[in-house]
Amino acid sequence: MAQVNNNNDIKYLTPIAVDTKRKKYCRFKKNRIKYIDYKDLKFVNEQGKILPRRITGTSTKYQRKVAQAVKRARHLALMPFVADCLK
């Protein structure tokens, strides 16, 4: 896919894919959310694990609130402790 000129320059036919990562932000701060509902399951993966801050971008304060809400939902049997695929 590369052509070589006489000047030993390499020219690519397709542009090189450069990963431009977006800056992570805390969606709770941005939307001014004060209370995290324990029925909301957005911060849990398929296996039932709480997603870490480095993936979601949630701030420390709200990550603790998310963890507490998930634990409440598990205690009330709204969420399983372990997903069905792991049983």
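The values are calculated or read from the model by the stated rules, or taken from the named source; none is laboratory data. Small disclaimer: the values here were computed from a predicted structure and weren't measured. Every residue, glycine among them, receives a Cβ derived from its backbone with ideal geometry; neighbour counts consider all protein chains shown. Protein only, heavy atoms only, side chains kept; ligands, DNA and RNA dropped before computing areas. Shrake-Rupley method; radii C 1.70, N 1.55, O 1.52, S 1.80 Å.
Some notes on this structure:
- Scanning the range 53-87 for residues that are closer than 23 Å to residue 21 by Cα, of a type outside the set (S, T, N, Q) and touching a Ser or Thr at 6+ places or on another chain (Cβ under 9 Å) gives a single hit, 53.
- Only a single criterion out of (1) loosely packed, with under 12 Cβ neighbours inside 10 Å; (2) in a loop (DSSP other than H, G, I, E, B); (3) of a type in the set (A, V, I, L, M) is not satisfied by residue 78, namely (1).
- Just one of the listed residues (58, 14) is touching a Cys at 6+ places or on another chain (Cβ under 8 Å), of a type in the set (Ser, Thr, Tyr) and either part of a loop (DSSP other than H, G, I, E, B) or modelled with pLDDT under 85 (or both), and it is 58.
- Taking the numbered list (1) in a loop (DSSP other than H, G, I, E, B); (2) open to solvent by 20 Å² or more (accessible area, probe 1.4 Å); (3) within 27 Å of residue 21 (Cα to Cα) in turn, residue 48 passes all entries but (2).
- Remark: pairs (first residue in the range 50-74, in contact (Cβ under 8 Å) with a residue 24 or more places away in the chain; second residue in a helix (DSSP H, G or I); Cβ separation under 7 Å; 6+ apart in sequence or on different chains) = 58/28; 58/66; 59/29; 62/28.
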